[in-house]
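Before any comments, here is the structure.
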Amino acid sequence: MSDPGWADAPGAREGEADRALAASLAGAGLAVQVVPPPDPPAGRCGVLGWADSGAMWLTGRPGEPPAWPPGDVVGRLEAAGRALSALAAGTGAGVAVDAGGLLGARAGWRGWARRGPISAGGRSRLLAAADGWVAVTLSRPTDVASVPALVGDDGAGAADGRTRSWGRVAAWARCHPAAAVASRAQLLGVPAGPVPPGRARPVAPWTVTRLGPASDRRRDRPLVVDFSAMWAGPLCAHLLGRAGARVVKVEDPARPDAARLGDRRLFDLLHQGHESVSVAFTTPDGRDELRRLVAEADVVIEASRPRALEALGFAPAAFCAARPGRTWVSITGHGRRGPRANWVAFGDDAAAAGGLVARDRRGDPVFCADAAADPVSGLYAAVGALASLSAGGGHLVDCAMARAAAYAGAGASCRRPHGVEHDGEGWVVAHLDRAGGSARVRQPCP
């Protein structure tokens, strides 16, 4: 199907992504031996890797050639997959990760294509602000209902529908700085984030904090209690399950995982083989059942605002201190600490806030792949969780979606110029300066 163009392509150096992730783990006190692929080439082209993964099909404006981000995203995700496999090997399990499948599978089976400044799923947009760009998501009815308060226009609202609301938000955003637009949206609970003018270079996709004692004995089948929903957290739980863990998914019947109805194929894929428990979080009996579940858990996964589970009496510090060897995995939009600690996020706006965007012919940002921060943060969270368990546990693994997206997009790509041309019904991307390989822009598989 393609010639990935590894030969003589001045992109990422041999094993660079593996070394970067190993250094990130070591910096958090979580050492892991990551083995680069057999017979690795001297260099790789991140652009051709992006094309061959299927993610380029979803990146760029419709009617224009597909685009790519500046970093070696696929190479970094492949390195994370190798780290996960190395960690899972200690449990006797074999875990293989398909980076292209993570980035494009959902869009493939839904038949989505690139839409430029509109996300593949249509619920997020990149809007021009007075001083740059901001990503905003109007996914839930409450988001649309918040538009009048956001733009200061009583004439806007849910009755206008999502399409007209977008026009009002776009007109308002053009008159305000991107950071101010995002901050006001977040005050109303609307997911939004300013797009950084350049690429962020975080040293790790998460922060890891020791909160409790380590254990010198690792359970053969650790119990994972999963409070998360939608995509990122369930993907983390799914990968831990493939690595040998017993996974129990916990839902409140008053607020079930929205993916059950809205994304059933993804829900079934991520929760295959897991146990499921329905618990009323707000009743005394329900809280007693939650306490029993958490008391048995070796790992907790949650993807809520930091204060949400604390209101129910559960906190990472107490969980990790209660028994040696426990790990708490927190997946948030923008981290548990700092001025954005309680900001909400979805996969597309979080990716844009982390700088994981491509640029069109005019230099304007366009979305990359499909809700990229969701699969990216789910994968990195699983690596952090397994690394913690292999080191004896006792950690809080704080995986912020925007930070994970920034890390994935921070690697070296390729310094050569590239061109994209029509080839029958598809596209081919190639190096322009001299023979250095080419790749067909693959459509995500349904």
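The values are calculated or read from the model by the stated rules, or taken from the named source; none is laboratory data. No experiment lies behind these values; they were computed from the predicted model shown. As a convention, Cβ positions derive from the backbone with ideal geometry for all residues, glycine included, and neighbour counts pool all protein chains shown.
Would you be able to say whether some residue in the stretch 233-246 is part of a loop (DSSP other than H, G, I, E, B), buried (at least 18 other Cβ atoms within 10 Å of the Cβ) and touching a strand residue (DSSP E or B) at 6+ places or on another chain (Cβ under 8 Å)?
Scanning the stretch 233-246, I find at least one residue that is part of a loop (DSSP other than H, G, I, E, B), buried (at least 18 other Cβ atoms within 10 Å of the Cβ) and touching a strand residue (DSSP E or B) at 6+ places or on another chain (Cβ under 8 Å), so the answer is yes.
Starting from the stretch 254-273, keep only residues that are touching a residue at least 12 places away in the same chain (Cβ under 8 Å) and aromatic (Phe, Trp, Tyr), then list their pairs with residues that are crowded, with 18+ Cβ neighbours inside 10 Å and outside any helix (DSSP H, G or I) whose Cβ atoms are within a distance under 8 Å, requiring at least 6 positions of separation or different chains.
So the pair list comes out as PHE267/ASP257.
Within the group GLY354, GLY436, which residue is touching a strand residue (DSSP E or B) at 6+ places or on another chain (Cβ under 9 Å), at pLDDT below 90 and either among the basic types (Lys, Arg) or crowded, with 19+ Cβ neighbours inside 10 Å (or both)? Write out each step before concluding.
Numbers: GLY354 fails: at pLDDT below 90.
Exactly one of GLY354, GLY436 is touching a strand residue (DSSP E or B) at 6+ places or on another chain (Cβ under 9 Å), at pLDDT below 90 and either among the basic types (Lys, Arg) or crowded, with 19+ Cβ neighbours inside 10 Å (or both), namely GLY436.
Just to be sure I understand, how many residues within the stretch 95-137 are in contact (Cβ under 8 Å) with a residue 24 or more places away in the chain, assigned to a loop (DSSP other than H, G, I, E, B) and either surrounded by 15 or more Cβ atoms within 10 Å (Cβ to Cβ) or among the aliphatic types (A, V, I, L, M) (or both)?
The number of residues fulfilling the criteria is 15.
Quick test for you: out of LEU312, LEU290, LEU269, pick the one residue that is surrounded by 20 or more Cβ atoms within 10 Å (Cβ to Cβ) and at pLDDT below 95. Spell out how you get there, then give the answer.
Details: LEU312 fails: surrounded by 20 or more Cβ atoms within 10 Å (Cβ to Cβ); LEU269 fails: surrounded by 20 or more Cβ atoms within 10 Å (Cβ to Cβ).
Criteria check complete, one pass: LEU290.
Please go through (1) of a type outside the set (Lys, Arg); (2) assigned to a helix (DSSP H, G or I); (3) over 29 Å from PRO66 (Cα atoms) for ALA341 and return the number of the only condition it doesn't satisfy.
(2)
Test PRO197 against the stated conditions and say whether it is at pLDDT below 95 and either of a type in the set (A, V, I, L, M) or within 28 Å of VAL134 (Cα to Cα) (or both). I'd like the intermediate steps shown before the answer.
Values: at pLDDT below 95: yes; either of a type in the set (A, V, I, L, M) or within 28 Å of VAL134 (Cα to Cα) (or both): yes.
In short, yes.
I'd like to know if the stretch 156-177 contains one or more residues that are under 28 Å from the mean Cα position of the chain (by Cα), closer than 28 Å to ASP98 by Cβ and either in a strand (DSSP E or B) or among the charged types (D, E, K, R) (or both).
no
Assuming TRP427 fulfils every condition listed in (1) surrounded by 22 or more Cβ atoms within 10 Å (Cβ to Cβ); (2) more than 26 Å from ALA88 (Cβ to Cβ); (3) touching a helix residue (DSSP H, G or I) at 6+ places or on another chain (Cβ under 9 Å) apart from one, which condition is it?
The failed condition is (1).
Consider SER304 carefully, then state whether it is polar (S, T, N, Q), surrounded by fewer than 24 Cβ atoms within 10 Å (Cβ to Cβ), in contact with a strand residue (DSSP E or B) (Cβ under 9 Å, 6 or more places away or on another chain) and in contact (Cβ under 8 Å) with a residue 12 or more places away in the chain. I'd like the intermediate steps shown before the answer.
Working: polar (S, T, N, Q): yes; surrounded by fewer than 24 Cβ atoms within 10 Å (Cβ to Cβ): yes; in contact with a strand residue (DSSP E or B) (Cβ under 9 Å, 6 or more places away or on another chain): yes; in contact (Cβ under 8 Å) with a residue 12 or more places away in the chain: yes.
Yes.
May I ask you to say which residue of ARG19, ARG44 is crowded, with 23+ Cβ neighbours inside 10 Å, of a type in the set (D, E, K, R) and at pLDDT below 95?
Working: ARG19 fails: crowded, with 23+ Cβ neighbours inside 10 Å.
That would be ARG44, the only listed residue that is crowded, with 23+ Cβ neighbours inside 10 Å, of a type in the set (D, E, K, R) and at pLDDT below 95.
Test of understanding: among PRO37, PRO66, which residue is in a loop (DSSP other than H, G, I, E, B) and modelled with pLDDT of 90 or more?
Details: PRO37 fails: modelled with pLDDT of 90 or more.
On inspection, the qualifying residue turns out to be PRO66.
Could you please let me know if ASP348 is under 30 Å from ARG125 (Cβ atoms), of a type in the set (Asp, Glu), surrounded by fewer than 24 Cβ atoms within 10 Å (Cβ to Cβ) and touching a residue at least 24 places away in the same chain (Cβ under 8 Å)? Walk me through it before giving the result.
Working: under 30 Å from ARG125 (Cβ atoms): yes; of a type in the set (Asp, Glu): yes; surrounded by fewer than 24 Cβ atoms within 10 Å (Cβ to Cβ): no; touching a residue at least 24 places away in the same chain (Cβ under 8 Å): yes.
Judged against the criteria, ASP348 is not a match.
With respect to the numbered conditions (1) more than 19 Å from the chain's Cα centre (by Cα); (2) part of a helix (DSSP H, G or I); (3) basic (Lys, Arg), which one is the sole condition not fulfilled by ARG265?
(1)
Among the numbered conditions (1) closer than 23 Å to ALA26 by Cα; (2) at pLDDT below 95; (3) out of contact with any helix residue (DSSP H, G or I) (no Cβ under 7 Å at 6 or more places or on another chain), tell me where GLY411 comes up short.
(3)
Hey, does the stretch 214-223 have a residue that's small (Gly, Ala, Ser) and within 25 Å of the chain's Cα centre (by Cα)?
Step one: list which residues in the stretch 214-223 are small (Gly, Ala, Ser), which gives 214-215.
Adding the requirement that they be within 25 Å of the chain's Cα centre (by Cα) leaves none.
So far as the stretch 214-223 goes, no, none of its residues is small (Gly, Ala, Ser) and within 25 Å of the chain's Cα centre (by Cα).
Conditions (1) touching a helix residue (DSSP H, G or I) at 6+ places or on another chain (Cβ under 6 Å); (2) farther than 26 Å from ALA402 by Cβ; (3) of a type in the set (Ser, Thr, Tyr), marked per residue:
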residue	(1), (2), (3)
ALA170	no, no, no
ALA180	no, no, no
PRO196	no, no, no
THR209	no, no, yes
GLY212	yes, yes, no
PRO234	yes, no, no
ARG246	no, yes, no
LEU261	no, yes, no
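Tell me the residue from VAL294, VAL190 that is in contact with a Ser or Thr (Cβ under 6 Å, 6 or more places away or on another chain), outside any strand (DSSP E or B) and more than 30 Å from ASP18 (Cα to Cα), please. Break it down stepwise before answering.
Details: VAL294 fails: in contact with a Ser or Thr (Cβ under 6 Å, 6 or more places away or on another chain).
VAL190 is the lone residue from the list that is in contact with a Ser or Thr (Cβ under 6 Å, 6 or more places away or on another chain), outside any strand (DSSP E or B) and more than 30 Å from ASP18 (Cα to Cα).
So which of ASP298, ASP349 is touching a Gly at 6+ places or on another chain (Cβ under 7 Å), within 21 Å of PRO191 (Cα to Cα) and among the charged types (D, E, K, R)? Give the derivation first.
Details: ASP298 fails: within 21 Å of PRO191 (Cα to Cα).
Result of the check over ASP298, ASP349: ASP349.
Would you mind stating whether ARG218 is touching a helix residue (DSSP H, G or I) at 6+ places or on another chain (Cβ under 7 Å), at pLDDT below 90 and more than 28 Å from ASN342 (Cα to Cα)?
Details: touching a helix residue (DSSP H, G or I) at 6+ places or on another chain (Cβ under 7 Å): yes; at pLDDT below 90: yes; more than 28 Å from ASN342 (Cα to Cα): yes.
Spelling it out, ARG218 is indeed touching a helix residue (DSSP H, G or I) at 6+ places or on another chain (Cβ under 7 Å), at pLDDT below 90 and more than 28 Å from ASN342 (Cα to Cα).
Going by what's in this entry, would ALA86 be described as modelled with pLDDT under 95, of a type in the set (Gly, Ala, Ser) and crowded, with 20+ Cβ neighbours inside 10 Å?
Details: modelled with pLDDT under 95: yes; of a type in the set (Gly, Ala, Ser): yes; crowded, with 20+ Cβ neighbours inside 10 Å: yes.
For ALA86, the condition - modelled with pLDDT under 95, of a type in the set (Gly, Ala, Ser) and crowded, with 20+ Cβ neighbours inside 10 Å - is met.
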